[in-house]
Structure formats: structure tokens, C-alpha cells
Amino acid sequence: PNNIAKDKGFMTTDPNQQMKIIGVGLGRTGTASFQIALQRLGYKTYHMMAALQNRAHLSVWADIAEGRKPVSAAADLLRKQGYNATVGHPTADYLEESMKIYPEAKVILTVRDSPAKWATSWRTLARLARLTVEPFSWHYPNFLALFPAMQSAHSVRCAVGIRGANVE
């Protein structure tokens, strides 16, 4: 298929690329679908799954969540890796800071059709995320908690929603 963004010069792997789109929808509001749409348009799009799959990213976001680093540390990381769009968490939690870093970026909010459906979906996800940090026991042999990356993921997860919906 034709790549509209590539034809118009949007697609880039330039490490000096500025953020073009900041998606600020909360998790469970179609952010993964939004990411796919942006990628089809040629944007290199950052989503929570990218953070979870990269230990260095998790470490930076954990440091931000715990106040050891400013949001600009993540902005620098994303810029160096050529990202020019973000959707959902963890970036959506830092809109105010991101707008100062990328004042020309377009902000797009995704929402769910029903607040009640969103809250139910979020609570289910939160329960699953909590399981990754439960201590190991023979009754609940949680091997995920033994991995250092899961400890960083826990810090990031704790920050997600605190600045926004705060639903638990």
C-alpha cells in the first residue's frame, strides 16, 4: 500500500526529529488502534508496549515516575530513536511537560464510548498488572516478580493514572 506520510515527508528515523503527535488518551481507549493508524500513515509511534519491551526505556520511565529524572530524559530518548508520535501511557501522563518540550506537536485525545466500560476495563488491567509484583510463594509461584525489568515496570505502572484518572 502507498505510504501517505512517506510521500509527504512525515516518516523519518532522524534522531533530531521533533514530536509531531502526542496522543493523550488513557489506556483502554483505543490507543493500540490509534498507534496502528499512525504507523500506517508513516509515523514512528511510541506506546506503552514499547516501554515494556525495552529495559532501558522502563528504567528511564521508572526514574521519571520516582522523581529522579525529568520528563525531558524520556523526550531525549524518544527523539534519539526517531519517534515522532506517542500514544497512551506513559507519555500521556506528562502532557503538560511534553507540550513545553514539543510546543508545535498536535495533541489528540482518544476516549471510550462509555466511562463505565472504560473503568471496568481499566480495573481488570490493573488487577492483572498487580499480579506481576506479588511476592513469590508456593501458593502463588509468581516468577515474573523475580525479573528486574518487572520492578521497573511496577514503578511505571504506579505512575500511570496517578496524574489522570486515578482509578483502582
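For the subset of the range 118-140 comprising residues that are surrounded by 11 or more Cβ atoms within 10 Å (Cβ to Cβ) and over 21 Å from the mean Cα position of the chain (by Cα), which member is modelled with the lowest pLDDT?
136
Inside the range 110-122, can you point out the residues that are assigned to a loop (DSSP other than H, G, I, E, B) and either in contact (Cβ under 8 Å) with a residue 40 or more places away in the chain or small (Gly, Ala, Ser) (or both)? Let's see the steps before the verdict.
First, the residues of the range 110-122 that are assigned to a loop (DSSP other than H, G, I, E, B): 110-114.
Result: 110, 111, 112, 114.
Identify the single condition in (1) at pLDDT 70 or above; (2) surrounded by 13 or more Cβ atoms within 10 Å (Cβ to Cβ); (3) of a type in the set (Val, Ile, Thr) that residue 156 does not satisfy, given that it satisfies every other one.
(1)
Before we move on, is residue 108 farther than 18 Å from residue 26 by Cβ and modelled with pLDDT of 85 or more?
Values: farther than 18 Å from residue 26 by Cβ: no; modelled with pLDDT of 85 or more: yes.
No; evaluated as a whole, the condition is false for this residue.
The values are calculated or read from the model by the stated rules, or taken from the named source; none is laboratory data. Just so you know, these numbers come straight off a predicted model, no measurement behind them. Please note: Cβ atoms are built from the backbone with ideal geometry, for glycine as well, and neighbour counts cover all protein chains shown.
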